[in-house]
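Structure first, commentary second.
The values are calculated or read from the model by the stated rules, or taken from the named source; none is laboratory data. The shown structure was predicted, so the numbers you read here are calculated from the model rather than taken from an experiment. As a convention, Cβ positions derive from the backbone with ideal geometry for all residues, glycine included, and neighbour counts pool all protein chains shown. These area figures cover heavy atoms from the full protein model, side chains too; ligands, DNA and RNA do not enter into them. Shrake-Rupley method; radii C 1.70, N 1.55, O 1.52, S 1.80 Å.
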Amino acid sequence: MSIKIDIELCTGCGVCEEACPFEAIKIQDDVASMDERCNLCGACVDVCSFEAISIQGLRKTGGDGNDHKGVWVFAEQRNGKIASVVLELLGEGRKLADKLGVDLSAVFFGYSVEMQTNELISYGADKVYVADAPILRDFNDEIYSKVLVDLINEYKPEIVLSGATAVGRSFIPEVSARLETGLTADCTALDIDTERRILLQTRPAFGGNIMATIICPDERPQMATVRHKVMKKATYDTNRKGEVIKKDIDGYGVNLRTKVLEVVEEIGETVNIAEADVIVSGGRGLQEPKNFKLIEELAKILGGAVGASRGAVDAGWIPYSHQVGQTGKTVCPKLYIACGISGAVQHLVGMQSSDVIVAINIDKDAPIFDVATFGIAGDVFEVVPALIKRFNEIRG
Amino acid sequence: MNIVVCIKQVPETTSVKISKDTNTLMREGVKSIINPFDMYAIEEGLRIKERFGGRISAVSMGPPQAEEALREAVSYGVDDAFLLSDRAFAGADTLATSRTLAKGIKKIGSFDLIICGKQAIDGDTAQVGPGIAEKLDIPFVAFVRKIREISNHSIKVERMMDNGYDVMEITLPSLITVVKEINEPRMPSLRGKMKAKSIDIPTWGLADLEIGEDKVGLKGSATQVIKVFTPKRGGRREMLEGSVETQVGLLINRLNDLKVI
């Protein structure tokens with residue numbers, strides 16, 4: 001596969017240079033030229049008005065003629081409870097399976113999980129592959145990978161989806177690497193190219209500044225981890241029937257090199273920011289650690305989680321697990337309220353995909369306002385207490 | 001204790017700004033840096049070496065200019081550095097990258113621990129660390145926030161989970177990926193800076209790595225980017241004016257209208 005610029009047709013207009021997300025194109029002597037940073041993404045092909053750029057030898061896709069069938073969802077559990085992202089994946093998986101005319105299956109590892117198996121069927125799984133053993137109660141990458149790889153090799157699904165959670169992002173890359181197939185991380189949209197029967201996987205790159213659609217044309221299964229809160233949850237119907245297929249894992253626990261010694265729940269009262277619908281975040285504008293109480297209070301009223309900028313975390317005001325941004329967590333809640341956060345790019349890339357963003361900052365020129373749906377240029381110590389008061393009145 | 005640290009040269013995204021007119025990336029004069037998470041990997045490697053002795057090597061796959069990142073790693077105290085660079089490696093996805101780095105690490109020699117940053121800030125996939133472990137058939141723990149103990153045969157660590165942490169023990173040799181919480185990286189030393197200037201950094205290409213051309217770069221990639229576009233930005237940007245009372249009232253009305261509260 002290669003990209004070609006027809007120098008006869010190229011006018012050196014420079015549109016492609018601007019469109020290139022990888023800075024691979026330069027205009028020299030009125031003609032575009034490309035260097036090794038080119039990723040063959042085709043962004044330049046689309047924008048060229050003179051049809052001067054073409055991609056040659058597009059790979060053929062192995063969509064038909066292979067024996068992989070079905071859409072699988074890895075049904076992650078913690079303490080026996082199915083992770084909320086799984087219900088979203090079953091909702092999305094249903095759509096994909098219907099487009100392809102195949103079954104939707106859930107894969108569930110845990111201990112004593114019969115009840116949850118029925119739950120997964122009620123949420124739309126036609127089949128549930130279950131591995132039930134004490135050794136699967138906690139998340140051990142090594143054994144989870146082995147069992148999932150063996151199941152995939154045995155039943156050959158064409159698509160495998162998992163949540164982009166700490167669990168999914170830890171062991172799914174090992175599974176895809178062992179299967180020598182592709183994996184797209186952190187997808188925010190999935191679709192099927194029905195003609196070629198391939199999964200179109202869209203994800204943010206460069207911290208959400210651009211979106212890329214990625215395919216896995218030849219290898220199967222096509223694998224993706226999917227972000228929380230972007231897909232619609234499956235509907236629940238206890239009348240649904242499904243098949244349960246039990247995976248015997250005798251012998252899998254022998255000679256393991258990985259041991260889980262202890263599982264510690266830390267966050268407790270404050271909700272996990274990766275899964276929260278509402279996040280109230282505080283930054284250096286709060287001036288003192290004790291002022292985080294304001295943020296906590298507002299978060300509590302809204303049933304949300306507490307986030308923080310890097311500045312606030314580095315100052316020791318709040319633990320790292322609350323940090324939103326490039327070196328913290330990427331979040332996309334329905335409502336993000338940034339209080340006293342100026343909005344360094346590193347923070348913005350971690351939260352700019354939120355549905356609605358409210359920014360409260362004293363500096364009306366702060367970059368946080370560039371991404372805010374609603375901005376209030378004002379003193380956090382006046383605005384936040386006023387908000388708390390009003391919410392309290394409303395909620396009675 | 002022999003340690004290998006994998007690093008990636010990335011654009012320093014602080015200088016990436018979104019143009020307000022065209023809503024596209026403005027990347028003029030973007031500086032290249034060592035991926036921030038890899039800085040924690042380097043620091044953790046140095047700390048282990050200081051306690052247990054041994055060698056620490058840095059390896060990177062990238063274009064020829066990625067050598068700068070390796071020199072910088074040497075300035076912090078890394079003993080030697082290796083660049084995997086070849087036109088054939090270009091356009092690699094995480095699978096092809098994992099294969100290439102695994103081959104490079106094998107060529108460096110015997111190792112006890114490989115340390116990677118949890119993810120690179122330009123791709124954000126967090127897939128290459130686990131991929132390398134798989135290709136080398138060694139155990140790994142991702143998202144490590146603390147090393148509790150190291151013995152001759154195993155390492156005990158805490159890994160960050162979404163709602164707390166797990167204490168894990170894996171046998172050596174193995175691989176960990178680290179998060180920011182694990183340490184605070186040091187500044188380069190004068191001696192390190194001197195060494196960084198003079199050190200010879202071998203560049204290994206396709207022919208040096210005992211790997212097929214169909215396993216690396218774009219050809220060896222399972223995934224393919226077919227489209228790149230600018231995301232739709234969520235809605236209007238409205239500054240709410242007036243007294244604090246008015247602003248707060250307006251905000252609550254707007255949020256009610258959008259049914260987010």
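There is at least one residue in region B:95-113 that is more than 10 Å from every other protein chain (Cβ to nearest Cβ) and at positive phi. The residues listed here are A:R284, A:R257; of these, the one that is of a type in the set (K, R) and in the same structural domain as A:I388 (by TED's automatic domain parsing) is A:R284. Only one of the numbered conditions (1) without any contact (Cβ under 8 Å) to a residue 60 or more places away in the chain; (2) open to solvent by 10 Å² or more (accessible area, probe 1.4 Å); (3) among the hydrophobic types (A, V, I, L, M, F, W, C); (4) more than 14 Å from chain B (Cβ to nearest Cβ) is not met by A:V113, and that is (2). Of all residues in region A:131-140, those satisfying the criterion of being open to solvent by 10 Å² or more (accessible area, probe 1.4 Å) and away from chain B (no Cβ under 14 Å) are A:D132, A:A133, A:P134, A:I135.
Checking every residue in region A:183-190 against the condition of being within 11 Å of chain B (Cβ to nearest Cβ), free of Cβ contacts under 8 Å to residues at least 40 places away in the same chain, surrounded by 22 or more Cβ atoms within 10 Å (Cβ to Cβ) and out of contact with any His (no Cβ under 9 Å at 6 or more places or on another chain) gives zero matches. Being among the polar types (S, T, N, Q) and open to solvent by 10 Å² or more (accessible area, probe 1.4 Å): is that true of A:T194 here? Yes: the conditions hold for A:T194.
Of the residues making up region A:359-391, those that are touching a residue at least 24 places away in the same chain (Cβ under 8 Å), more than 8 Å from chain B (Cβ to nearest Cβ) and within 14 Å of A:I341 (Cα to Cα) are A:I360, A:N361, A:I362, A:A366, A:P367, A:I368, A:V380, A:F381, A:V384. Taken over region A:141-167, the criterion of being closer than 30 Å to A:N255 by Cβ, within 10 Å of chain B (Cβ to nearest Cβ) and in contact with an Asp or Glu (Cβ under 7 Å, 6 or more places away or on another chain) is satisfied by A:D141, A:S145, A:G163, A:T165, A:A166, A:V167. Checking B:G77, B:G117, B:G109, B:G53 one by one, the residue that is of a type outside the set (D, E) and within 30 Å of B:V225 (Cβ to Cβ) is B:G117 and no other.
Name the residues in region A:286-304 that are more than 11 Å from chain B (Cβ to nearest Cβ) and free of Cβ contacts under 8 Å to residues at least 60 places away in the same chain, would you?
Here is the first cut: in region A:286-304, the residues more than 11 Å from chain B (Cβ to nearest Cβ) are A:286-300.
Selection gives A:Q287, A:E288, A:P289, A:K290, A:F292, A:K293, A:E296, A:A299, A:K300.
For A:L256, indicate whether it is assigned to a loop (DSSP other than H, G, I, E, B) and within 14 Å of another protein chain (Cβ to nearest Cβ). It is true that A:L256 is assigned to a loop (DSSP other than H, G, I, E, B) and within 14 Å of another protein chain (Cβ to nearest Cβ).
Only one of these is part of a loop (DSSP other than H, G, I, E, B) and either in contact with a strand residue (DSSP E or B) (Cβ under 6 Å, 6 or more places away or on another chain) or modelled with pLDDT of 95 or more (or both): B:I170, B:I211. Name it. Explain how you work it out, then say what you get.
Numbers: B:I170 fails: part of a loop (DSSP other than H, G, I, E, B).
Residue meeting the stated conditions: B:I211.
Does A:D314 satisfy the criteria of being among the acidic types (D, E), free of Cβ contacts under 8 Å to residues at least 40 places away in the same chain and away from chain B (no Cβ under 11 Å)?
So A:D314 does not fit the description; no.
Filtering region B:153-180 to residues that are closer than 12 Å to B:Y40 by Cβ and either more than 8 Å from every other protein chain (Cβ to nearest Cβ) or surrounded by fewer than 20 Cβ atoms within 10 Å (Cβ to Cβ) (or both) leaves B:I176, B:T177, B:V178.
Return yes or no: is A:A224 more than 14 Å from every other protein chain (Cβ to nearest Cβ) and closer than 15 Å to A:V73 by Cα?
Details: more than 14 Å from every other protein chain (Cβ to nearest Cβ): no; closer than 15 Å to A:V73 by Cα: yes.
Taking the combined requirement at face value, the residue does not satisfy it.
Of the residues making up region A:122-138, those that are in contact with a strand residue (DSSP E or B) (Cβ under 7 Å, 6 or more places away or on another chain) and either without any contact (Cβ under 8 Å) to a residue 12 or more places away in the chain or assigned to a loop (DSSP other than H, G, I, E, B) (or both) are A:G124, A:A125, A:D126, A:R137, A:D138.
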